[in-house]
Structure formats: structure tokens, C-alpha cells
Amino acid sequence: MMVRHPFRTAVVVALALGFVVALAGAALADETCNSPYVTKLIKGQEDYVYVWALGVEGVGDGSDKLVTVDVNPKSKRFGKVLNSVSVGSRGEAHHMGFTDDRRFIWAGGLAEPKIYVFDIGTDPGKPKLVRTIADMADKSGYLGPHTYYAMPGRMLVQALSNTKDKGGRTGMAMYNNAGEFVTSYAMPTDGGGDGYGYDLAVNPRKNVLLTSSFTGYDNYMRPLGDVVKDAEAMKRFGGTMVVWDLKALKPSRVLSVPGAPLEIRWSLKPGDDWAITAAALTSKLWLVKQDKGQWQAKEVGTIGDPAKIPLPVDISITRDGKGLWVNTFMDGTTRYFDLSNPEAPKQTYQKVTGKQVNMISQSWDGRRVYITSSLLANWDKGGADNEQFLRGFTWNGKELAQVFEVDFTREQLGRAHHMKLGSKSLRATPPPR
């Protein structure tokens with residue numbers, strides 16, 4: 001059930017006013033997985049990649065940490081670690097997101113309801129942990145914050161689980177930029193909804209928010225081999241996407257997308273109003289668009305050989321909406337799909353980029369690609385296959401060429417997971433909080 005709050009009206013008004021900001025700023029964005037409300041944006045060459053890393057017992061201090069890597073080719077420290085900020089505990093570090101002023105990064109882990117706030121505006125090369133938000137479970141009943149999505153003056157946080165039974169039924173929690181809880185929104189369980197959540201992405205022009213679905217704590221904290229062998233556990237994965245009225249923040253339609261649809265990417269080409277996602281368990285690409293006024297989900301492509309369960313885990317769409325990068329964890333492969341016709345994606349390139357690969361981010365000019373290795377602590381491979389890295393590549397439209405690597409195990413940094421890009425040009429004194 002939705003928790004009512006007197007700030008709700010203010011949230012709706014802020015969202016409506018933010019449409020203008022989003023439309024003005026979208027053409028200047030950098031990474032292809034950010035909220036359109038991120039207004040302080042990188043223009044040109046990024047200087048840093050921030051990596052949110054999972055702590056590993058016996059490796060360094062064993063805690064989750066935000067790691068800053070120099071990625072400017074003109075720098076004397078290109079490809080080197082500049083800084084790391086530990087949070088002092090280990091909680092399955094996973095994803096992170098910018099606030100709408102891009103001066104702060106919110107990050108968290110799937111094993112706990114804590115959210116960590118890092119200041120990157122004061123000194124982009126040396127982020128600083130400035131706040132820990134620990135009331136998510138008490139305020140919303142949700143556990144495992146996953147996606148942090150900037151709204152005007154707000155942060156919408158999609159959780160993966162709940163504190164009652166640690167299953168997949170969950171919801172979203174809304175905070176203001178000061179870290180104060182505003183309200184929460186349950187994922188629908190009627191009209192075909194399964195209550196599961198994962199990613200979220202908005203299209204302000206169409207007044208639409210899309211959410212996808214994965215699984216709960218009881219699955220993602222278990223070893224992957226155990227989950228796959230457990231028939232009942234395999235039933236506890238999401239198979240839906242939800243279309244929400246963005247201004248009202250109410251679900252309006254549930255779409256059937258079997259196989260745990262994960263990351264959602266709206267086309268960034270002006271005038272396009274479609275989104276794409278990849279289903280992890282079925283290795284399928286799904287297109288979400290309107291047909292005769294109704295939002296529909298349609299299977300449009302296959303990733304690798306689904307029988308071998310390549311496990312697509314992250315996707316990144318190009319600036320012109322005509323290309324899609326896909327990382328598959330099990331075979332360590334990075335693929336590129338031509339999206340000139342989004343109804344029929346066509347793979348045109350692939351390369352093994354690691355023994356296991358997870359997240360993929362590209363620079364806004366499309367000339368650089370960054371890849372990390374870790375999926376989940378209990379799902380990563382073992383032995384020699386347990387590579388933990390950040391790798392940087394150049395892309396000339398035909399070939400990925402590796403230009404640097406940070407070995408996170410050798411550097412005693414843990415498991416490399418999510419990434420965001422930083423720039424010296426974003427240095428600014430934060431306003432009063």
C-alpha cells in the first residue's frame with residue numbers, strides 16, 4: 001500500500017516543472033543511462049570514472065567503496081586509481097546515481113537498506129562521503145535499494161526486496177535531495193503485476209515512467225548455482241514491466257515481459273518515444289512503444305544462444321538511438337546491435353572482453369567504452385575466472401581496443417560493479433543542504 005505524505009502535491013508540481021529542464025538538458029547528456037533531469041552534464045572528454053565496488057573479506061579493508069579512476073588520456077595518471085572512499089562496512093554494493101544538480105552521487109547495497117551520499121562537486125577527483133541515509137526500511141518497508149533516479153529536487157529509489165519476507169515484492173521510495181524521506185510507491189500486484197522491481201527510466205515528453213523486474217533478497221543473496229538448481233527459486237523472478245503515469249506516479253498498465261527484464265533505456269534521439277530492455281533469463285531484447293495509443297512490449301531480438309544462458313546483464317544505448325551495447329556475464333562477451341530499425345535489432349559486432357563482464361558505460365561522444373566485471377558477490381565466478389576489473393576501450397565504429405585496465409583484486413579494492421563519469425569542469429561549491 002502506498003504511504004501517503006503531505007509532500008506528495010509538491011512532488012507532482014516539481015515533476016511537472018522539471019519537464020522543461022529535462023527537455024532542455026537531454027541533448028547535452030553524457031552517459032546513456034542517466035536521468036534526463038541531470039542538469040550539470042559533462043561536455044567533451046570525461047576526466048574520471050567513479051566505480052562503486054563491493055568489499056571482499058580479506059581484500060584491503062574489506063568494505064564497499066567508491067573508487068575514482070583517471071580516464072583522461074592526456075593525464076600522466078591515465079588509467080590509474082586516484083582515490084577511494086570506504087563506507088566502513090560490506091553491504092553488497094550495487095548501483096548509484098547522480099542528484100539532479102550532479103553534485104552528489106547516491107549509492108547503496110542490496111544486502112541492506114542503507115544509502116550513501118558522496119559529494120563529487122566540491123572536488124570531482126576526490127569524492128567525500130557526506131551522509132548515510134538509514135531510514136529506508138523503517139519508512140517504506142523496502143530493502144535492497146537498486147536504482148537511484150534523479151527527479152527535480154528529488155531522488156526516486158527503486159528497491160528489490162522487502163523487510164517482511166525478503167522476497168521480490170517491493171516498491172520505490174522518494175527522497176528529497178537533502179536525504180529526507182517523502183513517500184513510497186508499491187509495485188502493483190493487480191492487473192497482472194507481480195510486485196517485483198529492478199530499474200526505472202522516464203520519458204518526460206510522454207509523461208511515462210517505466211519499471212522492470214528482477215528478484216528478491218532470498219534469491220540474489222544465494223549462490224547462483226543453488227538458485228538455478230532450485231525449481232521453486234526460479235519461479236521467483238519478475239516477468240513484467242510497469243507503465244506509470246509520471247506526474248501522478250501511479251501505475252497505468254502492466255506489460256508481460258518474461259525472463260526478468262533488467263536495464264531500461266529510452267532512445268535518446270529527439271522525437272523517438274520507445275525504450276528497450278533485455279530479459280536476463282531468456283536472452284531476449286524487448287521493445288516498449290505505443291501502438292494505437294496503448295503502450296506495448298514486443299520481443300524483437302535474441303542475444304547469443306539462449307540455450308547456453310549467456311545472461312545479459314547490462315545495456316547502453318547510443319546517443320543517436322541507432323546502436324545498443326549488450327554485456328553478457330556468463331560468456332564475458334560485449335555485443336553491439338544495430339538499432340536503425342528498433343523493431344529488428346541486428347548484431348553487428350562482438351568481442352570477449354573478460355572472463356566475466358557486467359556493467360557497460362560509454363562516453364557521450366561514443367568514442368570510449370568502460371566495462372566492469374562483478375555481478376553479485378555470490379554470483380561471480382570462482383578461481384581464475386573471478387576477474388575483477390575496470391577496463392577502458394576506444395571504439396572507432398568497427399573495433400573495441402583496450403587502452404587501460406585497473407585490476408581491482410591486485411589494487412585491494414574489491415569487486416568492480418557500477419560506474420559513473422566525472423569531470424573537472426563540474427567542480428563547484430555545493431549550495432547549503
Report summary line: Non-local residues with an amide H under 5 Å from the amide H of residue 143, with H modelled 1.01 Å from N and Pro and chain starts lacking one, are 160, 161, 162, 163
Query raised in the report: How compact and how long is the chain, expressed as Rg and Dmax of its alpha-carbon atoms in Å?
Result: 19.6, 57
Query raised in the report: Per residue, how much accessible area does the stretch 375-423 have with a 1.4 Å probe, in Å²?
Result: 40
Query raised in the report: Taking only protein heavy atoms and a 1.4 Å probe, what accessible area per residue, in Å², does the stretch 192-301 have with all protein chains in place?
Result: 37
Report task. For the stretch 288-295, take each phi angle, set θ = phi - 60°, evaluate the Karplus expression 6.51 cos²θ - 1.76 cosθ + 1.60, and give the result in whole Hz per residue in order, putting x for glycine and proline. Result -> 10, 7, 7, 9, 6, x, 10, 6
Report task. For 181, 78, 337, give the ranking by accessible area with the largest first, probe 1.4 Å. Result -> 78, 181, 337
Report summary line: Applying the gyration tensor rule to the Cα atoms of the stretch 35-168 (axes a ≥ b ≥ c; rounded if a/c under 1.5, else prolate if a/b exceeds b/c, else oblate), the class is oblate
**Report entry** 330, 221, reordered so the largest accessible area comes first (probe 1.4 Å)
**Finding:** 330, 221
Query - Accessible surface of residue 100 - all protein chains present, 1.4 Å probe, nearest 10 Å² - result: 30
Query raised in the report: Normalized C-alpha radius of gyration of the stretch 155-205, against 2.2 N^0.38 Å?
Result: 1.23
Report task. Filter the trypsin sites (Lys or Arg not before Pro) in the stretch 201-287 down to the DSSP loop ones having no more than 11 other Cβ atoms within 10 Å, then list what survives. Result -> 235
Query raised in the report: residue 250: which lysines have alpha carbons under 21 Å from its alpha carbon, excluding same-chain residues fewer than 8 sequence positions away?
Result: 139, 206, 289
**Report entry** Per-residue ³J(HN,Hα) for the stretch 328-339, Karplus 6.51 cos²θ - 1.76 cosθ + 1.60, θ = phi - 60°, Hz, x for Gly and Pro
**Finding:** 10, 5, 5, 9, x, 10, 10, 10, 10, 10, 7, 10
Requested in this report: Find the accessible area per residue for the stretch 61-162; the probe is 1.4 Å, ligands and nucleic acids are left out, and the unit is Å².
Outcome: 30
Report task. Please identify, among 279, 401, 53, the residue showing maximal mean-square fluctuation in a Gaussian network model of the chain using a 10 angstrom Cα cutoff. Result -> 401
Query raised in the report: Quick one: how many Å² of residue 217 are accessible to a 1.4 Å probe, rounded to 10?
Result: 50
Query raised in the report: For the stretch 316-425, what is the convex hull (Cα atoms) projected area averaged across all directions, in square nanometres?
Result: 7.8
Query raised in the report: In the chain, carbon and sulfur make up what percent of the accessible area (probe 1.4 Å)?
Result: 51
Requested in this report: Express in Å², to the nearest 10, the accessible area of residue 165 obtained by rolling a 1.4 Å probe over the protein heavy atoms while all chains stay in place.
Outcome: 100
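The values are calculated or read from the model by the stated rules, or taken from the named source; none is laboratory data. All values derive from a computational prediction rather than experimental measurement. Cβ: placed from backbone, ideal geometry, glycine included. Neighbour counts: every protein chain shown. What goes into the accessible areas is simple: the full protein's heavy atoms, side chains included, and nothing from ligands, DNA or RNA. Shrake-Rupley method; radii C 1.70, N 1.55, O 1.52, S 1.80 Å.
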